[in-house]
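Okay, so here's the structure we're looking at.
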Amino acid sequence: VVEHRVDSRVLQLAQHALAIDAGDEETVHVVVHEDNDTFGAILSVYTSTDGGKSWSRRKVNDDEHCASHMTPHTALDPKTGMLHITWLDNRSGNGALAYAACTPGGSSCSANEAVSDKPFASYSYERHLPGWLAEYGTLLIDSERRWLHAVWTQPVLENNKPTSRIFHARAKLP
């Protein structure tokens, strides 16, 4: 059992993502936002290689714990076993879609990268307002063509008002 405390004041922070290795059903990854006294507000990946009997924990975000890291999405590469993770992040104060990759078994995660090339026009937790971040996104691997695809909702300025739009980015995989 993976158990963690979340900030119940912000629903998006309570979301998690799951990835199961299709080639090894005993390997399970759970990505969660954590808010605790030891680590502060962080994004963690919990990995089990024994079907959930035991878990290891790895911090995903590489910044200080004062930013929010929420609504994670995962894609597990069936060829390499790499776990790809995206999430909404406000470490710059503006908001962005961030990315990291974790090695098979979750022993280490890469440096974080920004996926979105423009800062968000707003970073609001208020649901269904024009500048709402939303928690809808997808991370998908095209294993035949070796592309990683990310889709997310991002607030942009239109007529000096924030409104949410859907964005897509892709990156070539090895």
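Numbers at a glance
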read-out	value
Cut-off under 5 Å, modelled amide H: who pairs with Val156 long-range	Ala121, Thr163, Ser164, Arg165
Cα centroid separation, the range 51-93 to the range 151-174 (Å)	20
Fraction of accessible area attributable to carbon and sulfur, the chain (%, probe 1.4 Å)	52
Check: the chain dipole with +1 on Lys, Arg Cβ and -1 on Asp, Glu Cβ, in debye	460
Listed residue (Ala111, Gly81, Ser122) projecting farthest to the positive dipole end of the chain, Cβ model	Ser122
Most positive-pole-ward Cα, His29, Pro174, Ser56, against dipole of the chain from beta carbon charges	Pro174
All lysines inside 16 Å of Lys172 as judged from Cα atoms, apart from same-chain residues fewer than 8 positions distant	Lys79
Solvent exposure of the range 67-174 as accessible area per residue, Å², 1.4 Å probe	51
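The values are calculated or read from the model by the stated rules, or taken from the named source; none is laboratory data. Worth saying up front: this structure is predicted, and the values here are computed from it rather than measured. Virtual Cβ from ideal backbone geometry, glycine too; neighbours counted across all protein chains shown. Side chains included, ligands, DNA and RNA excluded: accessible areas come from the protein's heavy atoms. Shrake-Rupley method; radii C 1.70, N 1.55, O 1.52, S 1.80 Å.
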